[in-house]
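The values are calculated or read from the model by the stated rules, or taken from the named source; none is laboratory data. This one's a predicted model, so the numbers in the text were calculated from it and none came from an experiment. Glycine also receives a Cβ, built like all others from the backbone with ideal geometry; neighbour counts cover every protein chain displayed.
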Amino acid sequence: MACGFSIIFFMEIRVVKGSLLEVESEVIVNPANSQGYMGGGVAGVIKKVGGEEIEREAVSKAPIPVGEAVFTTAGRLKFKGVIHSPTMEEPAMRTTEEKVRKAVRAALKLADEMCFRSVAFPGMGTGVGRVPKDVAARAMVDEIMSFKPRCVKEVILADIDEEMVEEWKKALEEIG
């Protein structure tokens with residue numbers, strides 16, 4: 001007779017209205033482009049506050065295919081690093097729900113492989129990528145909820161945009 005056991009992992013998901021750069025997390029996610037350039041949106045803010053070395057390191061690891069992610073220094077930021085997970089191939093190009101899903105999966109996978117306990121995401125693909133916030137929120141929450149972590153215990157969804165925050169809350173209510 002075979003004997004087995006199951007281990008169930010729980011991840012807390014928190015939604016925060018505020019700057020990604022002010023959350024308490026080990027790492028943050030940059031909704032990147034495959035080239036690693038950090039010009040606009042969240043990426044531009046991360047580079048401006050954290051330093052050009054973040055972009056230099058990301059570019060040195062490019063091209064980063066959509067569906068993969070890379071880890072870099074956090075420069076002057078308080079985090080242990082930045083996970084760059086492309087939602088688009090070229091800077092400022094329109095993206096899709098499927099690319100948002102792939103980017104979230106890739107970021108979670110890398111954070112878990114590196115055994116970080118907490119990871120913070122902004123709205124993925126909702127800025128220069130122009131994915132509607134409700135579509136991105138549902139996709140992000142769905143991917144987070146279906147992820148089976150080894151190490152990650154907390155996912156923080158943080159954005160200064162009130163609409164994005166409300167869409168995450170709605171998506172969590174719908175799934176939960």
Worksheet item: Just checking, how many residues over region 108-129 are closer than 18 Å to A171 by Cβ and in a helix (DSSP H, G or I)?
Response: 1
Item to complete: Sort through A106, A92, A43 and tell me the only one that's closer than 20 Å to D159 by Cβ and at pLDDT below 95.
Response: A92
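One line per residue, one yes/no per condition, for (1) at positive phi; (2) in contact (Cβ under 8 Å) with a residue 60 or more places away in the chain; (3) part of a helix (DSSP H, G or I):
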residue	(1), (2), (3)
S25	no, yes, no
V29	no, yes, no
G36	yes, no, no
A43	no, no, yes
K47	no, no, yes
E53	no, no, yes
V59	no, no, yes
I64	no, no, no
Discussion item. S25 - would you say it is among the hydroxyl-bearing types (S, T, Y), over 14 Å from the mean Cα position of the chain (by Cα) and modelled with pLDDT of 95 or more?
Written reply: no
Worksheet entry | Residue check for A62: hydrophobic (A, V, I, L, M, F, W, C) and closer than 13 Å to V82 by Cβ | no
Practice prompt. Considering only region 89-120, state which residues are more than 10 Å from the chain's Cα centre (by Cα), surrounded by 22 or more Cβ atoms within 10 Å (Cβ to Cβ) and farther than 22 Å from V165 by Cα.
Written response: F116
Worksheet item: From the list A69, A62, which residue is closer than 20 Å to V152 by Cα and either modelled with pLDDT of 95 or more or in contact with a Lys or Arg (Cβ under 8 Å, 6 or more places away or on another chain) (or both)?
Response: A69
Worksheet item: Can you tell me how many residues in region 8-25 are within 28 Å of K148 (Cβ to Cβ) and either surrounded by 19 or more Cβ atoms within 10 Å (Cβ to Cβ) or among the polar types (S, T, N, Q) (or both)?
Response: 4
Worksheet item: T87: within 24 Å of I175 (Cα to Cα) and part of a strand (DSSP E or B), yes or no?
Response: yes
Worksheet, complete the sentence: For E113, the lone unmet condition from (1) within 21 Å of R14 (Cβ to Cβ); (2) in contact with a Cys (Cβ under 9 Å, 6 or more places away or on another chain) is (1)
Discussion item. For a quick check of your reading of the model, give me the residue pairs whose first member lies in region 97-109 and is free of Cβ contacts under 8 Å to residues at least 24 places away in the same chain, whose second is in a helix (DSSP H, G or I) and of a type in the set (S, T, Y), with beta-carbon atoms closer than 6 Å and at least 6 apart or on different chains.
Written reply: none
